[in-house]
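This report concerns only the one structure given below.
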Amino acid sequence: MLDKSTTTRRPRVARALAAAGIVAVLVAASLAAPASASAAVSRAELALRWAPIHYQDVDATGSHALSGQSDYVTTVDFDGDLNGRNNWDQAGQAGNPLAAHAYYSVLETSTHWYITYFFFHPRDWTDHPFFETEHENDGEGVLFAIERDGSTYGVLRSAVTVAHSDFFSYTPVGSTWTSGREGVDGTLQFQASPHDTFQHPVTAQEAQGHGLKAYPQYDIVGDGLVYYPSTVAETPSGGNDRDVRYQLIDIFAVGGLWAQRSNPNLFAALGTFAGDTSGDCGSGTWTCSTNSANAPWGWDDRDDAPGRGEIASDPAKLSAEYFTVPAGLARTYSYNPYAGAAAALTEAARTAPPVVD
């Protein structure tokens with residue numbers, strides 16, 4: 001879980017030197033260069049290709065904002081441990097740089113790749129004293145459906161984003177997918193990245209509560225960060241840094257987030273991060289809730305099908321519910337590490353409290 005390939009925003013030459021190393025260079029070279037048409041693309045390459053350019057609004061006001069750092073995206077173990085119950089407190093401690101990362105998973109069928117991206121914040125916070133809650137840890141994200149059309153990276157057909165306990169669906173211009181049982185909520189936009197040769201989808205998160213939608217349904221208002229997918233992780237230079245590279249971490253990596261799903265220090269239940277009321281969480285606000293953030297296999301829309309966690313664990317099912325797909329969707333997975341825990345995920349969906357992230 002612990003990732004050491006991080007760097008702070010500095011001049012380009014300094015950052016390059018800080019990120020150097022034979023292994024890092026080789027990995028970066030293999031991921032940054034487009035795969036040839038004849039080569040089989042790896043899941044890591046797919047994830048990097050389609051990773052979003054990510055707009056993060058930043059609010060620097062209030063004692064819980066940490067001068068804007070409470071809105072930085074980072075890892076669940078940014079503080080060097082896998083204890084979910086100290087993240088609120090550790091976020092404000094010197095020596096815990098909030099280097100930019102996002103988690104991803106790739107599931108495969110014969111017709112599509114499904115890529116989930118998960119953005120983590122140590123705090124879900126507020127500076128409003130009335131009827132507003134806070135909680136330790138915060139996890140929201142997006143699912144992209146990629147049609148395997150014979151090209152190296154396929155073509156992106158849809159997105160479903162997570163904003164607290166609601167999902168929102170999008171299609172890019174020219175997509176063959178249309179509304180299904182849920183209406184399409186908007187158009188997914190693309191932008192060029194200064195760090196590679198691709199057009200990337202664009203997502204955005206609000207400050208404080210960090211709900212995630214397609215840009216510009218959320219946007220930066222005043223201060224904010226623009227995160228670009230990369231093979232290195234940068235720590236923002238401040239709360240108004242418009243070029244921050246973030247690194248991807250495979251959810252299914254050995255010892256990774258999925259492997260830690262039964263770690264009682266990190267998770268209070270399957271798909272629910274452990275979090276308590278220590279420190280100043282809830283001070284000056286309505287309350288601080290516990291165990292209120294979710295990993296992708298715990299995401300749920302409060303009033304839509306499919307069920308809890310299936311946006312990550314059975315994205316073909318969710319796509320078939322949310323969209324009309326003229327070419328059809330294969331429902332059998334050729335790669336789905338969640339499948340081995342299907343019974344446990346079903347039981348968690350039956351017994352878990354409502355999602356309040």
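For this structure, a couple of remarks:
Okay, residues lined up against (1) β-branched (Val, Ile, Thr); (2) under 16 Å from the mean Cα position of the chain (by Cα):
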{"site": "LEU225", "(1), (2)": "no, yes"}
{"site": "SER230", "(1), (2)": "no, yes"}
{"site": "ASP241", "(1), (2)": "no, no"}
{"site": "ARG245", "(1), (2)": "no, yes"}
{"site": "ILE249", "(1), (2)": "yes, yes"}
{"site": "ALA268", "(1), (2)": "no, no"}
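- Filtering region 221-235 to residues that are over 15 Å from LEU98 (Cα atoms) and among the acidic types (Asp, Glu) leaves only ASP223.
- Selected residue (criterion: modelled with the highest pLDDT) from residues of region 178-193 that are charged (D, E, K, R) and buried (at least 17 other Cβ atoms within 10 Å of the Cβ): ASP185
- Enumerated strands (runs of 3 or more DSSP E) restricted to region 202-321, each holding at least 2 residues that are open to solvent by less than 20 Å² (accessible area, probe 1.4 Å): 212-214, 224-230, 233-235, 244-250
- From ARG350, ARG308, ARG331, ARG302, residue being touching a residue at least 24 places away in the same chain (Cβ under 8 Å), among the basic types (Lys, Arg) and more than 20 Å from VAL142 (Cβ to Cβ): ARG331
- Qualifying residues in region 322-357 (those that are in a helix (DSSP H, G or I) and aromatic (Phe, Trp, Tyr)) - the one farthest from GLN205 (Cα to Cα): TYR338
- Flag if GLU310 is in contact with a Lys or Arg (Cβ under 9 Å, 6 or more places away or on another chain), of a type in the set (Asp, Glu) and modelled with pLDDT of 95 or more: yes
- Top-ranked residue of region 31-66 - restricted to ones that are under 22 Å from GLU140 (Cβ atoms) and among the β-branched types (Val, Ile, Thr), ranked as modelled with the lowest pLDDT: THR61
- Subset of region 159-192 (residues that are free of Cβ contacts under 8 Å to residues at least 60 places away in the same chain, within 18 Å of GLU206 (Cα to Cα) and part of a loop (DSSP other than H, G, I, E, B)): ASP185, GLN189
The values are calculated or read from the model by the stated rules, or taken from the named source; none is laboratory data. Only a predicted model underlies this, so the values are computations on that prediction, with no experimental measurement involved. We place every Cβ from the backbone using ideal geometry, glycine too, and count neighbours over all the protein chains shown. Accessible surface is based on the protein model in full, side chains and every heavy atom, while ligands, DNA and RNA are left aside. Shrake-Rupley method; radii C 1.70, N 1.55, O 1.52, S 1.80 Å.
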